[in-house]
1. Taking amide hydrogens as modeled 1.01 Å from N in the peptide plane, which residues meet the under 5 Å criterion relative to N7, leaving out close sequence neighbours?
2. State the label only: which of (i) 19.2, 68; (ii) 20.9, 68; (iii) 19.1, 57 corresponds to Rg and Dmax of the Cα atoms in Å computed from the shown model?
3. Name the lysines eligible as straight-distance cross-link partners of K25: C-alpha to C-alpha under 30 Å, and not fewer than 8 places from it in the same chain.
4. What does the convex hull of the Cα atoms come to per residue for segment 5-92, in Å³?
5. Neighbouring Cβ atoms within 10 Å as the yardstick, rank V129, V200 fewest first.
6. No other cysteine beta carbon under 4.7 Å away is the test; run it over the chain and list who passes.
7. If the only charges are +1 at each Lys and Arg Cβ and -1 at each Asp and Glu Cβ, what is the size of the charge dipole of the chain around the Cα centre, to the nearest 20 debye?
8. Tally Lys/Arg at +1 and Asp/Glu at -1 over every other residue whose Cβ is under 15 Å from the Cβ of L19; what's the total?
Amino acid sequence: MSAEIINHSCYKFAPLADLEAWRIKLKAVGLEQEVKGTILLAPEGINFFVAGTAPQLAAVLTVIRSIPGLEDVTPKESPSNERPFRRLLVKIKKEIIAFGIEGVDPSRRPAAKISARQLKQWLDEGRPVTLLDTRNDYEIRMGTFKGAVVPHIWNFRDFPAAVDQLPESLKSQPVVMFCTGGIRCEKAGPFMSMKGYTDVRQLDGGILKYFEEVGGAHYEGECFVFDERVGVGPDLRETLSVICFNCQMPLTVEDQALPAYVYGETCHHCIAGKPRGRGNTGEAS
């Protein structure tokens with residue numbers, strides 16, 4: 001039996017230098033250890049999602065932690081039956097998460113955070129709080145927190161415009177925003193503060209950390225992930241969801257039971273034409 005495959009996902013905002021030299025070092029150790037996945041480096045920090053055995057990942061993590069500013073990087077872990085990536089990519093980008101708004105600087109002006117356990121306690125107590133999902137529509141279709149406000153965006157760059165459509169009254173009310181692993185909220189939170197929101201917190205570690213610490217309480221469905229697993233449940237195990245071959249939209253088990261789903265051909269999202277999202281350019285269904 002082969003050793004268990006572990007997925008490491010992590011990001012950290014910190015001013016980084018000598019990116020090309022670190023890219024070369026990370027690519028070399030990653031290839032040597034046969035680790036698969038993606039590592040993004042930018043002047044603002046690092047974002048990575050890699051898979052391998054525990055010793056393989058430890059070797060890569062040692063190099064990452066040797067980069068000035070990333071000494072305390074601690075990835076989230078989840079198991080899988082096989083590597084959910086086919087190759088290793090190590091890239092230098094302008095931003096580790098594309099947003100394109102000047103003045104948003106998570107490393108120097110971060111958003112306030114709330115832990116998974118504290119959020120669950122708030123929800124258990126019925127505290128008045130607005131949950132704001134910062135993810136794309138095709139992700140949210142897989143699952144989200146009960147009663148969450150959905151901005152209906154197809155790309156994170158659309159989020160600023162969506163904020164302008166939120167009720168003005170939210171600016172003075174408690175808002176907890178969340179995403180898959182937390183990285184989008186690192187930029188969405190400071191942006192909302194710039195727009196006049198006075199009580200905004202981000203769910204520290206996102207949905208995946210919430211699942212890890214408190215399970216699926218107050219959450220409905222599963223969580224879409226950007227790898228070959230497609231979705232994970234509150235136990236952080238891979239679900240039976242798949243990606244439509246035709247339109248690349250995620251499909252739950254219930255979606256696959258619909259008459260429109262034909263393996264390798266169509267699903268209910270694209271039987272009448274490809275929907276917008278997941279890299280497609282047609283109108284939203």
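1. For N7, the qualifying residues are S78, S80.
2. (iii)
3. Leaving aside lysines fewer than 8 places away in the same chain, those within reach of K25 are K12, K36, K76, K91, K93, K94, K187, K209.
4. About 72 Å³ per residue, rounded to a whole number.
5. Ranking V129, V200 by Cβ neighbours within 10 Å, fewest first, gives V129, V200.
6. So, C10, C179, C185, C223.
7. 600
8. Surrounding charge for L19 is +3.
All of the numbers you see were taken from the coordinates with simple rules; none came from a lab. Computed from a predicted model, the values in this text were never measured in an experiment. No Cβ is skipped: glycine too gets one built from the backbone with ideal geometry, and neighbour counts run over all protein chains shown.
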